[in-house]
Amino acid sequence: MIPKEKYLRLGELLLKEGIITQVQLEQAIRVQKQEGGRLGEILIRLGILKEEQAVAALGKQLNIPYFSPGTELKPALDQNLDTLIAKDYAIKNSVLPLSLTLNSLTVAICDPLDIILIDNLRKLTAHEINPVISAKSDINKAIERFYGRSTMFEEAVEASYDVSSDQAELDGIDITDQELSIDKLIARAEEAPVVKLVDLIIRQAIDERASDIHVEPFKDRISLRYRIDGKLYEIPPPAKHLHLAILSRIKILSKLDIAEKRLPQDGGFIVRVENRPIDLRVSTVPTIYGEKVVLRVLDRGAVVLDLGRLGFDSKQLEYIRHAGNAPYGLVFLTGPTGCGKTTTLYAILNEIRSPTKNIITIEDPVEYKLDGINQVQVKPEIGLTFANALRCFLRQDPDIMLVGEVRDLETAQICIRSALTGHLVFSTIHTNDAASAVTRIIDIGIEPFMVAPSLQLVVAQRLVRKLCPDCKEAYEPSPEQMKNFNIKIDLLYKPKGCVKCKQLGYRGRTCLAEVMIINEEIRSLISKNASFQTIRDASVKAGMQTLYDTGIKKAEEGVTSLEEALSVTMGVQE
C-alpha cells in the first residue's frame, strides 16, 4: 500500500518531471472543468501527453513497478485470481490481478493515485493491495486475454465435469475401456467445447513461453503440464472422459491416424498467434491408461539466433567463431536432449552464412528455416537417411555441411572424410562433456588416426534458468559453500519471486558451456587412443573452462543461482 503522503496530483507530477508545461496544464484543467473526467485522460486526448508517459511518471515518483509498453501482463497460474476480481469489475475499473502472495494481492492499475479504487479493491478481495502501474490500453488487452481464456477454460472444464456417467454412455463414451467408434471420436473432437479447450491449452502454453505440453491419462484423471524454462508445472486439467476427445482433436490437427492407439505416432501442425507462425510437433505413445501426447512448441520468433546472446563468454565465442570460419574440419556440439545444441548450431550458421558459401544441412526434423541455406529433412521411410543425404551432398559442391546428429558408423565416416577433404562439417552427438565426444566417435568405429586430424572443436553445453533481474535477492555464501564450491566472491544471489516472473524467481534460460580446442597435444593424445579423462585434463591445462567452472562463474555474476548451476553441472565437475 502506498503511504497517503505520497499521493500527489498528476498535473504536479508531470510538471515537476518536465513532461508538460504550465500552459499545457492550465489548458487541460480548463477542459476538465468544462467536461469533467480525469486530467491524465484529457492530456492524452489533447495530444499533449502519451499514455505511457503518464504512467511512467507516476511509477518513478511513487516508486511503484512500471510495466512498459510491450511488457505483457500475465496473471499467475492456478491462483484463481479471476474469483478475487470479477471480469465486469476489472473491465469497468481497468484493473488486473497478477499474483497472490500470503495476504498481498498484486494488481495492475493505470492510476495508483485513485485512493478510493485501491480501498475498494482491498475491501472486495479481503487482501492488502500491492499496485503496479501499466498503461490503460495494455491492462485492457490483458484483461481480455486473461478473462476471455479463463472463461473459456472454465466453461469447457465445467461442461466436461457436468457430463454424468449415464450421459457419457449415451454419447458413446465408455468410461472404463475408453473406447469409441471412429465416427463418434471425430464428432466429439469437433464439438465446440473440445475445440475451445484445445485452443486454450495451446494458446496459454505459448503465452507462458512453454516449450512442451504434456497431456497424460491416469486411472481417475488427466494430467496437464507445461514445461517452462526446463521445469514442468501442473495446470488445472479437464475431466477424465474428455481425454479421448482432446487426443482426437490433436490427432486430427496433426494429420495422424485417430484409429491407431497401440503404436506411437509423430506429426505436427502450425498455428498463428499475432501473425507469427508457431510449429507444434506432436508425439503420442500408448500407456496402460490410454495414449499420452506431448506437443513440442517451436516459437521461431522467441528463439534468439544471435551467437553473442546465447550465454557464451568472450573467450568461448572467440574459439567458436574461429572454428566457424575455418576452411575445413569437424565441429561437434554435445550434451543431453534439450540442452540447446540445435539453437547454437543455427546461430553459428546464421552468423557465417554468405552468398559466397554453399551451406547444406540434413536434419531430423528441420526445426527453423534459415534463408540462404539449403535444408533437407530426413525421411527414412523412403531411404533418405543421414548417410544417403551426405553422399548426395558431396556432389552438390558444398562449402559447409550440417548433420543433425551422428548416430551410426556410416554417418560418422562420411562426416570425417568430408572434413578431411576440405569441407567444414557441423554435427551433434550425445555425450556428457566435450572430451567424451572423442571417445564416443572412436567407440562408434572411427579409427583414432582419422579422428585426430579432422576434429577442430568440441562444445559441450547445458541450459540453466536465469534469475529474475527484478526480484533476485543477494546473500552471503557460507564458509562451507565458499570452500566446497571454490567461490571467490562474498555475494551470491537467490530466487525470490515477483509479478514479472510469476513468482518463480527465474525468467528465461542461458547457456553453460565448455569449449575444447583441438590443439597439437590433444591431437597426439587422440591418435594414441587416450582416455577421455586424459584428454579432459590436457584441455583444462590448456585453459578450457569446464561446465562446472562456467556454472560457478554464472552464479558469481548473479546470472543464475548456485543451486541451479549445481543442479546441471555436479555430474560433470572435475
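When the Karplus curve 6.51 cos²θ - 1.76 cosθ + 1.60 is applied with θ = phi - 60°, which whole-Hz ³J(HN,Hα) does each residue of segment 92-98 get, with x for Gly and Pro?
Residue by residue, segment 92-98 yields 4, 10, 6, 10, 9, x, 10 Hz.
Calculate one ³J(HN,Hα) per residue across segment 524-530 by plugging θ = phi - 60° into the Karplus curve 6.51 cos²θ - 1.76 cosθ + 1.60, and present them in order as whole Hz with x for glycine and proline.
Values, residue by residue: 5, 5, 4, 4, 8, 6, 5 Hz.
Among all cysteines in the chain, which have no other cysteine Cβ under 4.7 Å from their own Cβ?
Result for the chain is Cys110, Cys339, Cys392, Cys415, Cys511, no neighbouring Cys Cβ within the cutoff.
Please compute the length gained on full extension between Leu409 and Tyr289, using 0.36 nm multiplied by the number of residues separating them and subtracting their Cα-Cα distance.
My answer for the length gained is 39.3 nm.
Starting from the amide H of Val273, placed 1.01 Å from N in the peptide plane, find each other amide H under 5 Å away whose residue is 5 or more places distant or on another chain.
When sequence neighbours closer than 5 places are left aside, the close amide H contacts are Ile278.
Going by amide H atoms built from the backbone, whose H comes under 5 Å of the H on Val132, apart from near neighbours?
Val107, Ala108, Ile109
When the helix-only estimate is applied to the chain (DSSP H runs of n ≥ 4, each -39,500 (n - 2.57), divided by the residue count), what is the mean residue ellipticity at 222 nm, nearest 500 deg cm²/dmol?
Computed ellipticity for the chain at 222 nm equals -12000 deg cm²/dmol.
For the chain, report the accessible area per residue in Å² (1.4 Å probe, heavy atoms, rounded to an integer).
On a per-residue basis, 48 Å².
Quick check: pseudo-label points 7 Å beyond the Cα along Cα→Cβ at Ala474 and Lys231, how many nm apart are they?
Label-label distance for Ala474 and Lys231, simple model: 2.4 nm.
Hey, rough spin-label estimate for Asp306 and His322, points 7 angstrom out along Cα→Cβ, what's it come to in nanometres?
Using points 7 Å along Cα→Cβ, the separation is 2.5 nm.
At 0.36 nm per residue, minus the direct Cα-Cα distance, what do Lys528 and Lys255 gain on full extension? Give it in nm, one decimal, please.
Using 0.36 nm per residue and subtracting the Cα-Cα distance, I get 93.1 nm.
What does the C-alpha gyration tensor say about the overall shape of segment 440-574? Classify as rounded when a/c is under 1.5, otherwise prolate if a/b is larger than b/c, or oblate.
prolate
Return the FRET efficiency for the residue pair Arg38, Thr356: r is the Cβ-Cβ distance, R0 is 60 Å, and the value is rounded to the nearest 0.05.
For R0 = 60 Å, the calculated efficiency reads 0.50.
Could you sort out which of Lys261/Lys369; Lys466/Lys488; Lys341/Lys379; Lys16/Lys141; Lys357/Lys466 sit more than 26 Å apart by Cα distance in this structure?
In this structure, Lys261/Lys369; Lys16/Lys141; Lys357/Lys466 exceed 26 Å between Cα atoms.
Note down the nm distance, to one decimal, between modelled labels 7 Å out along Cα→Cβ at Lys315 and at Arg391.
4.5
How far, in nm, would the chain grow between Asp490 and Lys92 when pulled straight, counting 0.36 nm per residue and subtracting the alpha carbon separation?
Once the chain is fully extended between Asp490 and Lys92, it gains 138.3 nm.
Carbon-plus-sulfur fraction of the accessible area of the chain, 1.4 Å probe, in percent?
After summing per-atom areas, the C and S share lands at 50 percent.
The values are calculated or read from the model by the stated rules, or taken from the named source; none is laboratory data. Source: prediction; values computed, not measured. With ideal geometry, Cβ positions are generated from the backbone for all residues, glycine too; neighbour counts draw on all protein chains shown. Ligands, DNA and RNA are stripped out before the accessible areas are found, and what is left, the full protein with its side chains, is counted by its heavy atoms. Shrake-Rupley method; radii C 1.70, N 1.55, O 1.52, S 1.80 Å.
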